[in-house]
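Just so it is clear, none of the values below were taken in a lab; they were calculated from the coordinates. This structure is a prediction, so every number in the text was calculated from the model and none was measured. Here Cβ is always computed from backbone atoms with ideal geometry, including for glycine, and neighbour counts include all displayed protein chains.
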Ligand code: ADP
């Protein structure tokens, strides 16, 4: 740009200089020629005027016998006023035009009969300026004593030509100098114009790269200076507009990124227009660079009648699809229409807002299961009690031994119901944070000894080998002793229950680190299938209903144990292998953050 502007300025200045000089040259040359001619004729007419001194001198000289030489001498004496020189001569001719005398004999012998000369020979005035003539001439006739001669002045105009050449060469020199000057001037001029423009261009480029820091320096208060100032103002305005826009965008971006719901927007032709972090996490490895509406549809295409199931194009009608199962998660999907801009055009697209309702779904499922389980657990003993009562009523003569059997059965079932109700109440208090805790600092080794002693009677019944080992040094812990012992008894009694007679049940306690102790209760019993282990802490969850009913369990023991341990900020983990045995690891903080309810 700089280059072309530079050449444009040079061209304009050169053309201007050439035009001005050529015009002035032509005008000058024309004027010089006209002036020269005019000057010649004016002077001749003035000198040879009838009343002029020269004319009267000439007429007087004609009266002499030696008029020819007298005329010559007279004209010689006037040669200064007549301007006689190498290029201008005078000739004295007789009335036939024959040369008598003059300043150049040779030229005088071969004079051309010009219109002015012819006019003078015929007695008229020979003073006409001939247009386009290469010479200027003047002829006048002098008559006296019946003699007449023609005085003829002829200027070859070589003097004027020489002068014109001088003028021409001056014009040429002026032109060359002016051109050089114009080129130098145009260089500075173009520099003066292009430098600020280049600065503006540079700044515009920086702007394109996102650099809003550098202002253009303003050197003048002319149009370019105003342009620079306006550019700076425009940049500042643009920056503040962009700042506002990018702040807004950043806010939206943040909201969008940290939105727990997964959001994907698709273009008209199914490309991903936008996807947020939650969506990328949800789809994991399935989210590839070629991910589009079809991949999305096939991912969610489950046995449910998904809205996306048989659509190859984005769905236009907004709708909600609930309970879509995907990758172990339960999803609610809201579909909606969107409008977006691309390539300066507005298009229709599709947005899917995916809400992960797995937690709610699970909660609802376990609530339903819980209600079903409670009802079932209550009905079983009630049916037995009812059966025993009915049998006794129907048979009035029932022997006393039988009656006792039925009454004992009713009593056992009542105990079972009491246990269930008591366990449910314990859980309910734990759930509602209504449990009354009694936190004390006690010797855990003593407590473990007490617990194993309690269980030992049962273990001996089943001929189990029950061992306790405490790795010293075992610190005192602060916890709700009674409830922790309840947890240990629950787990130990499970080990006793679910281990075939003559098995091994061990209790090991150790300090795991500065803040934690670990109690491991292990048996070599029937174990728990892998798929059940992860659900074993759920309320009423039992591996096989049959094996529990035999043992009289409620299916709430482990759930209560977990709630109590977790309330103490501890943890409980089960490892088990079917037919090999079960290992329950309880970790407890040496000092629980749990506070006594009396405090
Ligand atoms: P329950 O009162 O039925 O024993 P729990 O909540 O204590 O209820 O245990 C839940 C289920 O976990 C039991 O029904 C049993 O099937 C299984 N279980 C618990 N402990 C063991 C164990 N040590 N060995 C084998 N199975 C066990």
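Points worth noting:
- With both labels modelled 7 Å from their Cα along Cα-to-Cβ, the residue 394 to residue 52 distance reads 17.7 nm.
- Remark: spin-label model distance residue 258-residue 168 equals 9.1 nm, labels positioned 7 Å along the Cα→Cβ axis.
- In percent, rounded to a whole number, the relative contact order of the chain is 7, using alpha-carbon pairs under 8 Å and six or more apart.
- Placing pseudo-labels 7 Å out from each Cα toward the beta carbon at residue 595 and residue 286 gives an inter-label distance of 4.8 nm.
- The fewest-to-most ranking of 591, 438 by surrounding Cβ atoms within 10 Å reads 438, 591.
- Degrees, to the nearest 10: 53-62 long Cα axis against longest axis of the chain: 40
- For the stretch 422-536: rounded, prolate or oblate by the Cα gyration tensor [a/c cutoff 1.5]: oblate
- Stretch gain in nm, segment residue 382-residue 112, where the contour uses 0.36 nm per residue and the Cα spacing is subtracted: 80.8 nm
- 16 Å cut-off, amide nitrogen to a point 7 angstrom out along residue 229 Cα→Cβ, residues in the stretch 177-206: none
- When 37, 44 are arranged by Cβ crowding within 10 Å, least crowded first, meaning fewest neighbours, the order is 37, 44.
- For the chain, DSSP calls about 90 percent of its internal beta bridges antiparallel.
- With contributions of -39500 (n - 2.57) from each DSSP H run of at least four residues, the per-residue ellipticity at 222 nm computed over the chain stands at -17500 deg cm²/dmol.
- Extension reserve of the residue 22-residue 124 stretch, reckoned as 0.36 nm per residue once the Cα distance is removed: 32.6 nm
- Gain on full stretching of the segment that runs from residue 323 to residue 7 - 0.36 nm per residue minus C-alpha separation: 106.3 nm
- The chain - convex hull of the alpha-carbon atoms, volume per residue in Å³: 350
- Proxy reagent accessibility, fewest Cβ within 10 Å first, across 226, 175: 226, 175
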